[in-house]
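Okay, structure first, notes after.
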Amino acid sequence: SLNKMNYIRLRKNNLCVENLPAHKLAKKYKTPFYCYSLAQLKNNYHAVNNAFKTIKPIICFSIKSNSNLALLKELKKMGAGADVVSIGELLKATKVGISAKKIVFSGIGKTEEEIRMAIKKRVLLINAESESEVNLINKISKKISIKTSIGIRLNPNVTGKTHKKISTGGKNEKFGLVYKDFINLCKKISKMKNLKLEGISVHIGSQITNVKPFKEVLSAINKIINKTKINFKFIDLGGGMGISYTKKGRQLNLKQYAQLVNKFIKNKNSKIIFEPGRFIIGNTGILITKVIYIKKSNAKNFIILDAGMNNLMRPALYDAHHQILPLKKTNNFLKGNIEFVGPICESADKFSKEKRFQKIKEGDFVGLTNVGAYGMSLSSNYNTRPTIAEIIVKGSKHKIIRKRQSLQNLVNN
């Protein structure tokens, strides 16, 4: 099962990543840095695979959530394909050896160069999001005399009821085609000589923890299939499976979702594709950071960390919450208004507010949990700060899978 944090957890008052106390890593590597558990990654991938084993879906890992090559290599070994949204992600996927027949190319603004590369590499599907894009794919395919497999992304007018900035399935969003436009485009594609319409794709947003929106999506797809009479070779259900970010938070019940999908696919001759990112990688990572200063001001305790919004953008970008844990647990508590903030010159550079937290002092280390997805991949050099290291833990062993950027490299570019 996919339990909350089985490989990154407290053991005898030490926060451990697998068999390693995180404070040992904090003494060895310059903070801040990202640290991942390989066992957790394997556990999560197999949980998805097993939940859907009766239908044997193609699991295309969403590279935008985490594009570290070492992690992608591990996923490839487990049998994962890739969901890519740029030429860079496509090249990363092929670099680690993921077969083109397991790559889907999504995204609303694919350039001519990206489309040409996807066609030449013969990816499984290019999921088109507009009529103009379909025309361009046909035109390029004609030039190089190839018949290209495409999918169309449906905008099912279903929202995942998550944060508005990560909801992508409402009728006012920029993604996909609404019902009427989808039907019309299918008719036009049937006249295009260089296209094979093989897929219907949907993705209604991220961090969905309730199966109800997925149920609505499946019925929207059924409506399209009944109307167009197209036997789509692939039905791409996207990602969006939610994880828990708090102690009591809920995550998507995979079993329930699998039951829905099994029932949906029974009378169809189609292959299911999933594009999970966060569900597989989210809880594999922690961000280890040091307390630089503690500043009391206006009845508040500001805990100032050496990690900032340039390292972990999610709280500033969409009010995401990441639980903060001390690397060594004691039973002395600080009460009152406690706010964890970063060093960046923006008031949005803050991580969390607590009413009660273990007593900590300057120089202590803490870990921000569940940062495996959209942590490193959203990081930047804002304030001319180097991108930080990434470390992987396997049992009691650890190694660097991405070096911290050198100041020289940063300053000279």
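Taking only C-alpha pairs under 8 Å that are 6+ residues apart, what is the relative contact order of the chain in percent? The normalised contact order for the chain reaches 19 percent.
Highest average first, the peptides 302-315, 366-379, 51-64, 209-222 ordered by how many other beta carbon atoms sit within 10 Å of their residues are 366-379, 302-315, 51-64, 209-222. Summarising the overall dimensions of the chain from its C-alpha atoms, the Rg and Dmax are 22.5, 72 angstrom. Using the Karplus relation 6.51 cos²θ - 1.76 cosθ + 1.60 with θ = phi - 60°, the per-residue 3J(HN,Hα) values for the stretch 369-378 come to 8, 6, 9, x, 9, 6, x, 4, 5, 9 Hz, with x marking Gly and Pro. Take 190-203, 27-40 and order them by the average number of nearby Cβ atoms within 10 Å per residue, most first; the result is 27-40, 190-203. Over the residues of the chain, the helix contribution to mean residue ellipticity at 222 nm works out to -8000 deg cm²/dmol, using -39500 (n - 2.57) for each DSSP H run of at least 4. Taking θ as phi - 60° and the Karplus parameters 6.51, -1.76 and 1.60, the scalar couplings of the stretch 48-54 work out to 5, 4, 5, 4, 10, 4, 5 Hz in sequence order, x denoting glycine and proline. Basic side chains Lys and Arg get +1 at the Cβ, acidic Asp and Glu get -1 at the Cβ, and with that the dipole of the stretch 265-319 about its Cα centre reaches some 180 debye. The modelled label-to-label distance between His321 and Lys300, using points 7 Å beyond Cα along the C-beta direction, is 1.8 nm. Coupling constants for the stretch 36-46 follow from the phi torsions by the Karplus curve (6.51 cos²θ - 1.76 cosθ + 1.60, θ = phi - 60°), and in residue order they are 10, 9, 5, 4, 5, 4, 5, 3, 5, 4, 5 Hz; glycine and proline get x.
Distant-in-sequence amide contacts of Leu195, defined by a placed amide H-H separation under 5 Å and a gap of 5 or more residues or a different chain, comprise Thr148.
Can you list residues whose amide H is under 5 Å from Leu334's amide H, if they're 5+ apart or on another chain and H is modeled 1.01 Å from N? So Leu334 has HN proximity to Phe357, Gln358, Lys359. Per-peptide packing, taken as the mean over residues of other Cβ atoms within 10 Å, places 103-109, 87-93 in the sequence 103-109, 87-93 from highest down. The stretch 180-195 and the stretch 103-142 have Cα centres spaced 15 Å apart.
Rule-based calculations on the coordinates, nothing more; no lab input. Predicted, not measured: the structure shown is a model, and the values here were computed from it. Methodologically, a virtual Cβ is constructed for each residue, glycine included, from the backbone with ideal geometry; neighbour enumeration extends over all protein chains shown.
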